[in-house]
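S.K.: Sharing a structure with you now.
The values are calculated or read from the model by the stated rules, or taken from the named source; none is laboratory data. Note that this is a predicted model, so its numbers are computed, not measured. Heads up, the Cβs are rebuilt from the backbone with ideal geometry, glycines too, and the neighbour counts pull from every protein chain shown.
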Amino acid sequence: MKKDSTLVQEVPLGYLSGADTRKAGGGIVAYLAHGASDKRVPWEYTTAMLIQSLKIGLPVRELDDLRSSLDVSMERLVPMLGISKATLHRRMAAGRLDPAESDRVVRFARLMGKAVEVMESPVNARAWLTSAQRGLGGAVPLEYAETEVGAREVEDLLGRIEYGIYS
């Protein structure tokens, strides 16, 4: 029990209290999905803090932030995240995603951020992420990224594009 209370005390207050962190520049998804144009990392988004936030689960609003960043419907997004409609309703009532769901939300936000970085704009990134890509055997990156292995392959392809080794 003591371990859990220590964990909770170290997590940013906005994530525990339900306070709206948008006033301070947005949440984890907004930070990750908008690319790395600003290399400064706010203290609440360090790797250690991100892991702690994932362990307790992200606020449900992060899911809506992801939907907005990717510009896809919730009906399309939640199945890619492995969340059923019934589970989504339970999570919305509780106000928090579980750790595995939170991890998948962060996976997609990071892909969006990398795509923004490589494609140089959110519009171009969204178009690339939602279109069939030859480098993925004709698969759509967002659909390919439903698994961790697929997400790593999408990241790898983005890295090859970034360095002019597109295949």
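S.K.: Provide a single number: the residues in the stretch 94-124 that are hydrophobic (A, V, I, L, M, F, W, C), under 14 Å from the mean Cα position of the chain (by Cα) and assigned to a helix (DSSP H, G or I). Spell out how you get there, then give the answer.
M.R.: Kept after step one, since they are hydrophobic (A, V, I, L, M, F, W, C), are these residues of the stretch 94-124: 94, 97, 100, 105-106, 108-109, 111-112, 115-116, 118-119, 123.
Adding the requirement that they be under 14 Å from the mean Cα position of the chain (by Cα) leaves 97, 100, 105-106, 108-109, 111-112, 115-116.
Next, only the ones that are assigned to a helix (DSSP H, G or I) stay: 100, 105-106, 108-109, 111-112, 115-116.
Summing the residues that are hydrophobic (A, V, I, L, M, F, W, C), under 14 Å from the mean Cα position of the chain (by Cα) and assigned to a helix (DSSP H, G or I) in the stretch 94-124 gives 9.
S.K.: A further question on this structure: Look through Arg91, Arg76 and report the one residue that is in a helix (DSSP H, G or I) and either exposed (fewer than 14 other Cβ atoms within 10 Å of the Cβ) or out of contact with any Gly (no Cβ under 9 Å at 6 or more places or on another chain) (or both).
M.R.: Details: Arg91 fails: either exposed (fewer than 14 other Cβ atoms within 10 Å of the Cβ) or out of contact with any Gly (no Cβ under 9 Å at 6 or more places or on another chain) (or both).
Of Arg91, Arg76, the one residue that is in a helix (DSSP H, G or I) and either exposed (fewer than 14 other Cβ atoms within 10 Å of the Cβ) or out of contact with any Gly (no Cβ under 9 Å at 6 or more places or on another chain) (or both) is Arg76.
S.K.: Another question, if that's okay. Quick one: Pro79 ticks every box in (1) over 21 Å from His34 (Cβ atoms); (2) under 14 Å from the mean Cα position of the chain (by Cα) except a single one, so which number is it?
M.R.: (2)
S.K.: Here is a follow-up. Which pairs turn up if I take residues in the stretch 73-88 that are among the polar types (S, T, N, Q) and look for partners that are surrounded by 15 or more Cβ atoms within 10 Å (Cβ to Cβ) and modelled with pLDDT of 90 or more with beta carbon separation below 9 Å, at least 6 apart in sequence or on another chain?
M.R.: Ser73/Arg67; Ser84/Val78; Thr87/Val78; Thr87/Asp98; Thr87/Glu101
S.K.: Test Ala30 against the criterion of being of a type in the set (A, V, I, L, M), modelled with pLDDT of 90 or more and not in a loop (DSSP other than H, G, I, E, B), and give yes or no.
M.R.: On the way: of a type in the set (A, V, I, L, M): yes; modelled with pLDDT of 90 or more: no; not in a loop (DSSP other than H, G, I, E, B): yes.
Here the answer is no, as Ala30 does not meet what is asked.
S.K.: Does at least one position in the stretch 135-158 carry a residue that is outside any helix (DSSP H, G or I), in contact with a Pro (Cβ under 8 Å, 6 or more places away or on another chain) and under 28 Å from Pro59 (Cβ atoms)?
M.R.: Step one: filter the stretch 135-158 for residues outside any helix (DSSP H, G or I), giving 137-140, 145-147.
Now restrict to residues that are in contact with a Pro (Cβ under 8 Å, 6 or more places away or on another chain): none.
No, the stretch 135-158 contains no residue that is outside any helix (DSSP H, G or I), in contact with a Pro (Cβ under 8 Å, 6 or more places away or on another chain) and under 28 Å from Pro59 (Cβ atoms).
S.K.: Can you tell me which of Leu7, Leu16, Leu66 is modelled with pLDDT of 85 or more and in a helix (DSSP H, G or I)?
M.R.: Working: Leu7 fails: modelled with pLDDT of 85 or more; Leu16 fails: modelled with pLDDT of 85 or more.
Within the list Leu7, Leu16, Leu66, the selection yields Leu66.
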